[in-house]
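Take a look at the structure set out below.
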Amino acid sequence: MTVLIDRAGLVGKNGDTHQGIYDVAYLKSIPHVTVTMASSKSIAAKLYEQSFEENKGIFCIRLSREHVGKDEEIEDIKLDYLRFLTLQEGSKELAVMGIGPAGRELYKLVANEKLDLTYFDPIYLYPIADEAVKGLLGYKNILIYDAYSTKEGFADSLSAKLMELGYKGNIIVKAVPSEFIASDSLVNQRSLGKLNPEEMLPLIKETLKK
């Protein structure tokens, strides 16, 4: 079964009851489920193809409201099932896990400032594969930036898997507050947790200096 979710994350002025920030937390309790988050239309198209492959069970593809109507050319890309997509390889001081379109916006800021860190687009939020996480164990700090879910979603799953595999470093979680979010502009909603991409840069720079 393929499930398309077109209101993932905070949705701006779309009503107090329409915030798609809790779904990862409850969807991951379903047996044989895969939960994903597309950061581009090209990734969304590839995930849609993957969802019809044999033995994929219930395959959820999350899409952010602000990105659904965006005019974007679709390219043929390669995705390895349950593997995080590496956008930049850098020092072992910090690995950033930037989810969805906001994660890609933050990556552009990081690249523009030439910050020496490693940056991943997780894409596959659940289940968390051991082989995907083993590559993170050597990093001093791991920053999980999720402007589309509460910490009970991907952040808790990744943190638990890291601990299970013996991670000894520092985990920093920046996710949507676990509370009801009132209707407002998307920028204002994200500011509640300082989750706008530009608001993340000071934290990243501070972490790199430690």
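The values are calculated or read from the model by the stated rules, or taken from the named source; none is laboratory data. Here the structure is a predicted model, which means the values were calculated and not measured. In this analysis, Cβ positions are derived from the backbone assuming ideal geometry, glycine residues included, and neighbour counts consider all displayed protein chains. Note: areas computed on protein heavy atoms with side chains; ligands, DNA, RNA excluded. Shrake-Rupley method; radii C 1.70, N 1.55, O 1.52, S 1.80 Å.
Key figures for this structure:
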{"read-out": "Which listed residue, of Thr36, Thr2, Thr86, is in contact (Cβ under 8 Å) with a residue 24 or more places away in the chain, within 15 Å of Phe154 (Cβ to Cβ) and of a type in the set (S, T, N, Q)", "value": "Thr36"}
{"read-out": "Cβ pairs under 7 Å, 6+ apart, first in the range 131-151 and over 21 Å from Asp23 (Cα atoms), second of a type in the set (Phe, Trp, Tyr) and surrounded by fewer than 24 Cβ atoms within 10 Å (Cβ to Cβ)", "value": "Ala132/Phe84; Leu137/Tyr167"}
{"read-out": "Subset tally (residues that are in a strand (DSSP E or B), open to solvent by 40 Å² or more (accessible area, probe 1.4 Å) and closer than 19 Å to Leu82 by Cα) for the range 1-55", "value": "3"}
{"read-out": "Strands (runs of 3 or more DSSP E) (entirely within the range 94-210) containing at least 1 residues that are of a type in the set (Val, Ile, Thr) and at pLDDT 95 or above", "value": "94-98, 118-121, 141-150, 170-176"}
{"read-out": "Residue check, Leu136 within 18 Å of Leu82 (Cβ to Cβ) and not small (Gly, Ala, Ser)", "value": "yes"}
